[in-house]
Structure formats: structure tokens, C-alpha cells
Amino acid sequence: MSKLSIVLSGVIEKSNFDEWKTDLLEQIRSVKTELSTDSDFASATKHVKQFKAAEKNLKEAKKSALKQAAEISALFEAIDEVSAEARQARLKLDKQIKKRKQEIKDEFIQQGVDTITAFIKEQSPVFQSISHKNYTDDDIFADAVSGKASSKGMQKAITKTCDSIKEAITQKAAEVDANNATLDKLPGNHQALFQDRTQLIVMSPDDLNKTIDERVQNFKPEVAQVEEPELAEPEAEAVEEADEGEASEVDKSDYLITIEVSASEEEADAIRTTVVEALASNNAVGNITLSAA
């Protein structure tokens, strides 16, 4: 498109109006209005024709000037019309550009979220059980692409951010797995103290060990006192039937007591721990284990 060029003059380029006006006014003022002789009538008739011609010239001059002004006015109207159409086209196109830019940005943000989500699924089930919002929040990737004008720049920013998050996840996953192993190694009678495992495994190793020490030191098991049942005295007839000098012995056999509970594994293990502690002083009780139904 060529460059628009319009040249206008704000002044009258050429006109003899002032001189012409002066001559006409002098003639008008010199006209004799009281007619008495034939010469007066002839002169007046001549002036009428001159004045009529002057009126005609003035109308034509004004018409010509107005025509030129109309052309300028039409030009201004055309300029305004084209300008308005250009503005509408610009605003519409600018809106489409902004919309597409946001769509591209959203695509890169989702790419980052999907990449990290897939990487988390590669980690241990223990790590997958904790909250991952600090790694997959949309704002993390929105901040990464903020201010990036090109797709290449956005892609580079997302890749760099994902690499950094993956490194953090790898370190945290190892820490979480180690904490989980630490809790698994605790004695059975202490497991009930750590039922908030999900919150514990995300601690730093030092904080976890400190928490374990504090809970174990404050743990005071309440051991139930189990009274031995009194043996009924043998009936006289039974004693008489027994051989004299021969001690009577109570036959002992193995019995299995089953307690069925409806609970989570942690809750069931806590109940088992309570039973173990309550019967710790009873020599008749053997092994108490927990198994799924």
C-alpha cells in the first residue's frame, strides 16, 4: 500500500475580489437615483444591466468556492469513514491475536502440568500418596511463561521448570521412602503412636526422628491386670478316685482365639497392639498376630 498524500492550501490562491468589489461599490454609490432626463434614464438602464451582471458573477464565484469547500468536506468524510473501518478491523484482529496467544500459553502450562504428573506416577506408591500441589500447581508454569513473547521462549521456560521440579521430586521421593522405612522398623507396640503416617513421611529425616523420640518417651502403656481365675476345689468323689500319693495334673491344649474387626489396617494394628500390651503378663498367651480376613 502506497503512502497517503494530501496537499491542501488554507489560503485563497488567487482572487481579484477586493479590487472588483471596490469598483462595483463606487459605481453603485455614483448612480443617480433621481431620473429626469432621457440621459438619466439611459444611464440608469446601463447601470441595471451592469449590476445584474455583477450579481450573476458573485453567485457563480460563491458557487465555485462552495464546490471547492464541498470537495474538501467530502475528502474529510471519506477519511473518517476509512479510518473507522480500519479501526474496527484492527480491534477485531488484535482481539484474535490476544486470544490465540493466551491459548498457546495455556497449552504450554498444561504441558508442564502433564509432564510433572506423569513423572510423579513413576515414583513409589508411598510418594504418590502424599500431596503434590507444590509440584503441579498451574501458577508455577504460568509464572514460567510470563513475559515470553514467542513459542520457542515458552517451550524453553517450561522445559527448564520441569527439569527443576523433577530434580526436587526425585530428592523428596527418596526422603519420603526413607521416612516410611523408618516408621516400618518401629516395634509393634509403638506403631499405634504413628497413625498420622501421611503427615510424618513428608517431614525432614531429622524432624521425623525427633518426633519419634518424643512420642516414644511420652508413651506410657496401660497394661491391664488379668486376674488368674480361681480353680474350683476338686469334689470329694474325684479326689477319692485319684490314686493316693499321685499328684493331679490339668491337661493343657493349644487354643486359637479369633477377634474379627472391621477397620483399616492401621486401626486393626492399633487394636492388636492394645491386646498385646494388656496380656503381656499372661504366660498362657502365645503369639498375637494380625492377618487380613
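The values are calculated or read from the model by the stated rules, or taken from the named source; none is laboratory data. Keep in mind that what you see is a predicted model, and the values were worked out from it rather than measured. We place every Cβ from the backbone using ideal geometry, glycine too, and count neighbours over all the protein chains shown. For accessibility, only protein heavy atoms count, side chains too; no ligands or nucleic acids. Shrake-Rupley method; radii C 1.70, N 1.55, O 1.52, S 1.80 Å.
Structural remarks
- Of the residues making up the range 23-47, just one is among the β-branched types (Val, Ile, Thr) and either within 60 Å of the chain's Cα centre (by Cα) or open to solvent by 100 Å² or more (accessible area, probe 1.4 Å) (or both), namely 33.
- Pairs where the first residue, in the range 152-171, is within 22 Å of residue 126 (Cα to Cα) and the second is open to solvent by less than 20 Å² (accessible area, probe 1.4 Å) and of a type in the set (A, V, I, L, M, F, W, C), C-beta under 6 Å, 6+ apart: 165/116
- The combined condition, being hydrophobic (A, V, I, L, M, F, W, C) and in contact with a helix residue (DSSP H, G or I) (Cβ under 8 Å, 6 or more places away or on another chain), is fulfilled by residue 178.
- The one condition from (1) modelled with pLDDT under 85; (2) in contact with a Ser or Thr (Cβ under 8 Å, 6 or more places away or on another chain); (3) under 28 Å from residue 149 (Cβ atoms) that residue 117 does not meet is (1).
- Of the candidates 127, 141, the single residue that is touching an Asp or Glu at 6+ places or on another chain (Cβ under 8 Å), surrounded by 12 or more Cβ atoms within 10 Å (Cβ to Cβ) and either more than 30 Å from residue 213 (Cβ to Cβ) or not small (Gly, Ala, Ser) (or both) is 127.
- Any hit, the range 36-57, residues being outside any helix (DSSP H, G or I), over 30 Å from residue 146 (Cα atoms) and touching a His at 6+ places or on another chain (Cβ under 7 Å): no
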